[in-house]
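Shown next, in structure tokens, is the structure this report addresses.
Readers should treat all values here as calculations from the given coordinates under stated rules, not as data from a laboratory. Only a predicted model underlies this, so the values are computations on that prediction, with no experimental measurement involved. Cβ sites come from the backbone with ideal geometry, for glycine too, and all protein chains shown count toward neighbours.
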Amino acid sequence: MVVVTLQRIKCIGCNYCVEVAPQQFQMSKKDGKSVLLKSVDSKGFFTLKSHNYSILESCEAASKACPVKIITVKETN
């Protein structure tokens, strides 16, 4: 399983995550911050759990591209 977490409150709206992983991220028109699509919010941490391993590479690229380091990607069993 791939687990992607976004700490949205710290997002600066740079759009890098959307550029490298448009299937998982988009920018909010309301506040200009990143949105992790199909995620669940828990106290400001938005988490996506997926069995689709094809998202792993793009989400890891988004994590590395993020200048404020608010995206984490883990692979679990």
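Results, tabulated for the structure shown:
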| read-out | value |
| --- | --- |
| Charge context of Q23, other residues only, Cβ under 14 angstrom, K/R +1, D/E -1 | -2 |
| Cα gyration tensor shape of region 1-58, rounded if a/c is under 1.5, else prolate or oblate by comparing a/b with b/c | oblate |
| Spatial separation of Cα centroids for region 1-36 and region 46-66, in angstrom | 11 Å |
| Modelled label reach - F45, point 7 Å along Cα→Cβ, region 5-22 residues with backbone N closer than 16 Å | 5-11 |
| Helical contribution to [θ] at 222 nm, DSSP H n ≥ 4, -39,500 (n - 2.57), averaged over the chain, rounded to 500 | -5000 deg cm²/dmol |
| HN-Hα J in Hz across region 24-36 - Karplus 6.51, -1.76, 1.60, θ = phi - 60°, x for Gly and Pro | 10, 10, 8, 8, 6, 6, 6, 10, x, 9, 5, 10, 8 |
| Highest-first arrangement of 57-65, 12-20, 36-44, where packing means the average Cβ count within 10 Å | 57-65, 12-20, 36-44 |
| Pairwise FRET efficiency - M1 versus Q26, Cβ, R0 = 30 Å, nearest 0.05 | 0.85 |
| Computed label-point distance, nm, for sites L56 and I9 using a 7 Å Cα→Cβ extension | 3.2 nm |
| For region 50-67, Karplus couplings with θ = phi - 60° (6.51, -1.76, 1.60), whole Hz, Gly/Pro x | 9, 8, 8, 6, 5, 7, 4, 4, 5, 5, 5, 5, 5, 4, 5, 6, 5, x |
| Model label zone, V68; criterion: amide N under 11 Å from point 7 Å along Cα-to-beta-carbon; scope region 21-47 | 32-34 |
